[in-house]
Amino acid sequence: MRRQVVHTPKVPPARVPLSQAIKVGDWVFASGQLGLDVSTGKLAEGGIAAETRQVCENLKAVLEAAGSSLDRVVKVTIYMVALRELMDMNARPNHVSVRSPRRRRPRRNRSHRHPLA
């Protein structure tokens, strides 16, 4: 499969040499993001809640540049320095509209009926 480097100017450039994301087929592997505001290049003001919101906006922009969306995210890993901020950080992703996958009912195999049914 072909690899495609994903880049968008809507997200501040990384401080280290890495891609914002790599797209392989239908899969998008996004790099870690900081809560940097693209207009200032600085961390979003307002503490961990504002930084978390900005991280979500940055990831959204990267995913959209790759032709994907937050609705299709399967896994997120968050690294924190100050665990005392966990509750504030954890409350923020709720503002992001992410739907849980629809649960499918198991299909019944009707080709084999029980003799007593």
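The values are calculated or read from the model by the stated rules, or taken from the named source; none is laboratory data. Note that this is a predicted model, so its numbers are computed, not measured. Glycine gets a Cβ as well: all are built from the backbone with ideal geometry, and neighbour counts include every protein chain shown.
Odds and ends about this structure:
- Options V24, V96, V73, V11: the member that is in contact with a Lys or Arg (Cβ under 8 Å, 6 or more places away or on another chain), β-branched (V, I, T) and at pLDDT 90 or above: V24
- For first residues located in region 57-83 and of a type in the set (V, I, T), partners that are surrounded by 13 or more Cβ atoms within 10 Å (Cβ to Cβ) and lie 6+ apart or on another chain with Cβ distances below 7 Å form the pairs V62/V6; V62/T8; V62/V11; V62/Q20; V62/A21; V62/A30; V73/V98.
- Hits in region 14-42 - residues which are surrounded by fewer than 16 Cβ atoms within 10 Å (Cβ to Cβ) and either assigned to a strand (DSSP E or B) or in contact with a His (Cβ under 9 Å, 6 or more places away or on another chain) (or both): V24, W27, F29
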